[in-house]
Structures are given as C-alpha cells and as structure tokens.
1. What is segment 25-172's relative contact order, in percent, from Cα pairs under 8 angstrom and six or more apart in sequence?
2. Compute the angle between helix 191-208 and the longest alpha-carbon principal axis of the chain, please, reported from 0 to 90 degrees and rounded to the nearest 10.
3. Expressed as an acute angle from 0 to 90° and rounded to the nearest 10, what is the orientation of the C-alpha long axis of helix 113-124 relative to the principal long axis of the chain?
4. At 10 °C and 1.306 mPa s, grab the translational diffusion coefficient of segment 437-537 from Stokes-Einstein with a Kirkwood Rh over Cα pairs, rounded to a whole number in µm² per second.
5. Let me have the relative contact order for the chain, percent, based on Cα pairs under 8 Å that are six or more residues apart.
6. Which value in nm describes the separation of the simple spin-label points at residue 290 and residue 32, placed 7 Å from the Cα toward the beta carbon?
7. Given a Förster distance of 56 Å, report the FRET efficiency between residue 248 and residue 336 from their Cβ-Cβ distance, rounded to the nearest 0.05.
8. What share of the DSSP beta bridges in the chain is antiparallel, in percent to the nearest 5?
C-alpha cells in the first residue's frame, strides 16, 4: 500500500483577534480544517465571517493589529503559526502563495509587468537576467496572456482586469508552491472573465498538483470549483464536508440560507407577460454615443441601441465591461448628450432639454450606484443624505422634509435610530438602503440601478432585490437595471438588452433571452453563470414580485 500523504495545510483550533483601542476583539473562534494535496477547499462566508482573516493568518499577512491567539497552522508538516515575519517571507511564493482579490490594486503601478513577475523569481533564486526573462515569458504564456513578449514591457494600467489577474496568477505559480490561496480571485471581474480565470486556476492545479484554498462569498463558485466546502459565520465553522454532500443536504440553517439566496443556484421561475397596452416609460431609439480621442479620431461607445421599457416593469441592460451599458444609462439620465438617436422618458425628449429643464428632469429619473461605500458623503448623516434632494428640489418646511425622510427610511426597512449616524457606521446593505431612500425621496418615475447589488454579499443582495421588488409593486416604479450578472437578471427583469462592444446583440423578454434562440454571445454569458453544476431548485426563495400594478 502507498503511504497516506499528510495534508498540505492543517489548521487546528485557530483563534484570531484584532486590537481595537485598548481591547482585543476575537474574529475567528477555534477553526479547524485541512487541505489535502491537489485538493480545492472553498472557505465560504459573508463579509465579517472570518474567512479572509483565516487565509491571511495562513500566509502570515494579518494586519498589524491582528494576531494568532492560539491554535496551530501546519504547512507541509511544519507549524508556522509562531514564525516571525522574516521567516514567513522565505516561504511566501515558494511554499504558499496568494492570488488577491482586486487586480486593480494588487500590482505596482510604477513597475513593468515583467519586472513584477521577475521579482518573485529573483527573491527566491539566483537567476541571471536572461534566464529570468525567459521564465517570465514562459509563465505569462502558461496563464494564457496574449503577446507575452509585449506584456513584459507594459505597465498595469495598460492591461484589462482579466489580464491583470492572469499576471497575479503567474506570480503565484512562479515557484510552483504547494498551496495557492485564492482570495475572492474573480469577484471584481465580468462573468465570462471569471469563468476563464477559474478554469485557468483549475488547469494549473491539475498540471502542477498544487492545492487551492478558495476564499469566496459566492456559494455558486464554490459549488462548481471545490472538492470540499467549509462554511463560516461569525468566525465559527457552521458546516464542512464534500461539496456535493453539503449542497445535496445542508445540515446548517445558515448554509441553507446561503443556498437560497444565491441567484446562480436557483432555478428560474417564469415571469408573467407584461400586460398589453401598458404605457411606455422609457424609449431609446437608435442611440449613438461617440467620444473624442486625443488622436483627433472618435470612439463609438454605443452604436444603434434601441429598446422600450413599459411603466412599472424592469428592463435589464446586460454586458461585460466596455459593452456600453453605463454609457447608455448615463444618456437616459441626462448626464451626457447623445451623438445621435432619440431618448424619451414619458413625454419628454431628453436630448432637447436645457439647463433648468434638465435639472427638473432629474427629479423624474434617479440613479442608485454600484458602490454604497463610495456613493454616500462620509461627512453627512443619514438624515442629511436622504434630505438633500428635497433641499435641492422641494422647498418644503423643515418638519415636512424630516417627516418625508423618516417615512422613506422606514419604507426601505431601516430603523429611525440610524438617521443620526454617518455612512461609516452602517453595513454595506444598510448603506445601499440609504442610497435607495435618497433616490426615492423625490418620488421619481424611473430609477436606474447601475450594478446596484454587485458589491454586496449574496444574503444582503437577496434582501435588496426583494426590497426593490416590493417598492416597484407598491409604488409602480420603473427600473432600468444595469448588470453583468445574468443570474440576477433572470430573477428580477421583465425585458433585457444584451450589449457587446457597444451594439445590442439581443433584446426581448427574459424567457426569450434565456431560451436556446439567444445569440452566441448571450449563450456564452449564460453558460458562464457559476453554479450550473449544482442547480438548487429545492432551496429557491419565493419569486420576486413581477411587474406591479400601476399607481
């Protein structure tokens, strides 16, 4: 019999804490798990669950105020939990390496790509410049980066998000470590790029026999890509086991909630057809948007896009980065004048509006942005944030304004006690509810939601989507919902436009878009939705409200 291999990673009774002022707050409580050779283990949980802190402890990159209070971390049989930073540096890259979450902030902006990959090789080995450059090109080739000889001379800002993530993977595998920690490696990427990056990690794992600790909040990604799943909540393991076993029969209520909230794992429910004769809230016809380039030429960001949105329904504008979806909605909201075509909101021709007319028009169309951390003024209280549009547009007495604000805060499911707080004191879901309240306080006809749930954990995402459906049903709101995530679109939209390189390649009802008749590009987007390996109809949440009654 062949000898049983020891785990690559063996974490036992790990307790972590962070210093907060004069006290310490424990964030990980007695966590234990293993990662076997060649295995992919997914560490799953929401923000604050302790998954990233656990991964940082394994690679010795806890924040300055963090520490390991007790427990052990055995890497290739050695307990590294009490090693110094200097000693840990010797194994980073060589034994354990990290693929970080945000490719935009993880590469040095003033170093070429070649220099950053070569640095890893030079730190751990005595290579001459020519041999190092040869290995760099080999590594960039192995991760599927086009024109590697060109890329080594480029800087990070010259690469797309997916290309940057491939560079980070090349750095991570340069010395063929025993363990790769992939910390939300695709959360900032479009769904098709996400699939390619995850495929790449899997191919390299098989080729080199490397183990992977996949840190993610997305159970659908874990479902497709892991051998075992560990579910964390509040720094404690709620459940762990083989992926297929956990998904088939989750034992823990929290795991079941994560499953029910993940749109990628839910079976689509048919949405009723839009009632005939419903008034049209938004008309976009032959929209063209050009932007001037420094060369004197123009770049066409949107090319002949047309769709209509019935009042009280949701129209989704879908596409990858650079598809033209954000440019399209900025034109609808009156933030830029189209080069050509027509945009009408109700009876108003948006292109013809000037100065005060345009300002008043923005009462009718309100935006909710992607990032609730960046869209709220950190210097204002929640009361001031929601009240500000009323000060700009409605000269109401102070007591009436405050009553409107309190009513709207209540409408979006927040307690009145939060009115005196600043955004930094709120969770991500609470901040997005404040952003929605601010958008609705003027009672607009149309709300444009620009990736409004993509920055949120799946359970918070589900809560916000349910809230939006309730508000639409109760207030007769019309939504233009921008997203790169077709799993969410399938749950909430009535009609869909699919954009690719500025052109509309598909347009129709949700059922039509998700039918086999969709174009090749749309089929690629649909096939890239994670979680297709394990559809979870048994854990579907109740369907979101369909197009609501007219108010």
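1. 22
2. 10
3. Helix 113-124 sits at roughly 30 degrees to that axis.
4. Using the Kirkwood radius from Cα pairs, D works out to 106 µm²/s.
5. Once divided by the residue count of the chain, the mean separation gives 16 percent.
6. The answer from the label model is 6.9 nm.
7. Efficiency at R0 = 56 Å is approximately 0.65.
8. 55
FYI, it's all coordinate maths here, none of it is from the lab. Computed from a prediction, not measured in an experiment: that's the story for all the values here. Using ideal geometry, Cβ is built from the backbone for each residue, glycine included, and neighbour counts are taken over all protein chains shown.
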